[in-house]
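Notes to accompany the following structure.
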Amino acid sequence: MIKDVPKEDRPRERAVRLGPNSLTNQEVLAILLGTGSKEESVMTLAGRVLMHFEGLKLLHDATIEELTAIKGIGLAKGVQILAAIELGKRMSRYKPHEGYVIRSPDDGANFIMEELRLLKQENFVVLFLNTKNQVIHRQTIFVGSLNASIVHPREVYREAVKRAAASIIVAHNHRATRS
């Protein structure tokens, strides 16, 4: 049990003393879970969750059903894990819209790449720019199927006029399909 671990070696105390970047994935997950059960410590439970999802590899796309199928993970703990994953996704793709200048195709790609690369369906995204090539708005115009996205130009131009955009950049993720 966690109370058998010396206090200075417990994940929460180590995070305070050494910073959260010093923790293992298992320790970070243990902190999120908070408690284990009568039968096992929170560290053991965190280890089992990580083994089930091959480390962080598959945890990224975990569903509440997959999480709650693991003994010791109820609805509350499952939702906590999913919320932490979602927060991480949002933080990784956060880019301040205000003032972000697009000077090259790479700048445009860098602005939206992280968000688009993980999506399971085709997404058609438009960046609306002012006269200084600063992003004034970003909008997903259409979400398509697994491998197709059909967009009518009027949808794009309606938003451009509404935003008084000087120019636009259109992008979409391309999901490769297997036969």
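Quick grid of which residues meet (1) of a type in the set (D, E, K, R); (2) crowded, with 17+ Cβ neighbours inside 10 Å:
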| position | (1), (2) |
| --- | --- |
| R12 | yes, no |
| N21 | no, no |
| A30 | no, yes |
| G34 | no, no |
| E40 | yes, no |
| L58 | no, no |
| K71 | yes, no |
| A76 | no, no |
Qualifying residue in segment 48-64 (condition: polar (S, T, N, Q), out of contact with any Ser or Thr (no Cβ under 6 Å at 6 or more places or on another chain) and not in a helix (DSSP H, G or I)): yes
Selection from segment 37-60 of residues that are at pLDDT below 90 and of a type outside the set (S, T, Y): K38, E39, G55, L56, K57, L58, H60
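The values are calculated or read from the model by the stated rules, or taken from the named source; none is laboratory data. Being a predicted model, the structure only gives us computed values, none of them experimental. FYI the Cβ positions are ideal-geometry reconstructions off the backbone, even for glycines, and counts take in every protein chain you see.
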